[in-house]
Structure formats: C-alpha cells, structure tokens
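These notes concern the structure reproduced below.
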Amino acid sequence: MTADFERRHGFPPGTNEVRPASGDDQAAARALARAGRIPADLAAFYDSIGGLVWEDVGNGYFLDSAGDVLRRLQERGTVDVGTDQKVPGLVIGSNGGGLTYLAGLDGRVHRTRAASLDEPEFDQVAGDLRQFLELLEVSLTRFVTEGEPGPW
C-alpha cells in the first residue's frame with residue numbers, strides 16, 4: 001500500500017488520522033462552551049474527536065484540537081465572519097494550501113479566500129458542522145477513488 005501510494009503521488013504517505021478526544025481536549029471544549037464562544041455542534045464534536053489530520057488528501061485537511069482552538073482564542077480572540085462579518089468565529093482548521101476554516105457562533109463554517117487573517121474575506125462552505133464534515137468525507141472518498149480531493 002505504501003509503495004503504491006508513493007508510486008502514484010511521488011512521495012511517501014504522511015499522517016492521516018482522526019484522533020479520539022483526550023481528557024484535555026474535552027476540558028478545553030468545556031472551557032470554550034463556558035466562554036460562550038463555541039457552537040453546540042462543535043462542542044459535541046470535541047467531546048469525541050481530538051483532531052483530524054489528513055496530510056495526503058490533496059494539500060491536506062486539518063481540524064485543530066479544542067486545546068489549540070482555545071489557545072488561539074485566548075491569544076488572538078475571535079474573528080468576525082459571515083456576510084456582514086458580524087458573527088464571532090473560531091479558527092478550527094485549515095487546508096494544506098493555506099486557507100483557514102472558521103466556525104461561526106451561529107454554527108456556519110467559513111473558509112478564508114486568501115492565506116491571511118489580517119484582512120480576511122470569507123466564503124461560507126457549510127451551513128453547519130455536520131455539512132462541513134460531510135464535505136470532508138466527500139473529498140476523502142473522491143481522493144481515494146479518483147486521486148483528486150475535490151474543489152474546496
């Protein structure tokens with residue numbers, strides 16, 4: 001399997017995993033919930049999932065741990081997202097191409113248009129976390145079957 005991957009893509013496989021939540025991950029998710037800064041579906045996600053790393057799917061897909069999200073919130077605060085950029089959002093991950101994914105307090109998931117949060121512009125990629133995770137699954141399935149991760 002490894003040799004086939006390397007022959008197909010020109011490099012050895014990297015880390016590809018969905019990591020179960022640790023006690024620290026769950027404590028960080030509870031701290032985010034107490035601060036009123038996390039959508040309910042993301043808090044539920046972090047109760048079970050510690051993080052996601054798919055280095056080999058396209059440029060990669062990464063969903064940060066609740067601890068990383070909490071640290072970023074404490075250091076930088078929220079990012080205003082949405083069409084009017086009035087919804088507080090949390091940076092929850094990225095694709096390996098430099099674009100950042102954010103979860104708005106309203107539950108919607110957005111992606112930056114450029115690899116910077118200095119003066120960000122966003123596109124809504126999903127109406128909620130479930131839809132976002134379903135899109136990730138589509139990208140993974142497409143990558144496994146066709147070698148292409150999908151458009152987003």
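Side notes on the structure shown:
- FRET efficiency for E148 and D123, using Cβ-Cβ distance with R0 set to 25 Å, rounded to 0.05: 0.80
- Packing-based ranking of 74-80, 61-67 yields 61-67, 74-80, ordered from highest to lowest mean Cβ neighbour count within 10 Å.
- Student exercise, segment 1-142 dipole from Lys, Arg, Asp, Glu Cβ charges, in Debye to nearest 20: 140
- Over the chain: helical MRE at 222 nm, DSSP H runs n ≥ 4 each giving -39500 (n - 2.57), nearest 500: -11500 deg cm²/dmol
- Exposure ranking of F143, F11 by accessible area [1.4 Å probe, largest first]: F11, F143
- Per residue, the accessible area of segment 1-64 comes to 56 Å², computed with a 1.4 Å probe over protein heavy atoms only.
- Remark: relative contact order (segment 67-119) = 24 percent; criterion is Cα-Cα distance under 8 angstrom and separation of 6 or more residues.
- Of the solvent-accessible surface of the chain, computed with a 1.4 Å probe and all protein chains present, 47% belongs to carbon and sulfur.
- Whole-Å semi-axes of the ellipsoid equivalent to the chain (Cα gyration tensor, √5λ, descending): 27, 18, 13
- With each label modelled as a point 7 angstrom along the Cα→C-beta vector, the S116-R76 pair spans 1.3 nm.
- Here each label is just a point 7 Å from Cα along the line to Cβ, and for D24 and E6 those points are 3.2 nm apart.
The values are calculated or read from the model by the stated rules, or taken from the named source; none is laboratory data. Small disclaimer: the values here were computed from a predicted structure and weren't measured. Don't worry about glycine lacking a Cβ; one is built from the backbone with ideal geometry, like all the others, and counts go over all protein chains shown. With ligands, DNA and RNA removed, areas are computed over all heavy atoms of the protein, side chains included. Shrake-Rupley method; radii C 1.70, N 1.55, O 1.52, S 1.80 Å.
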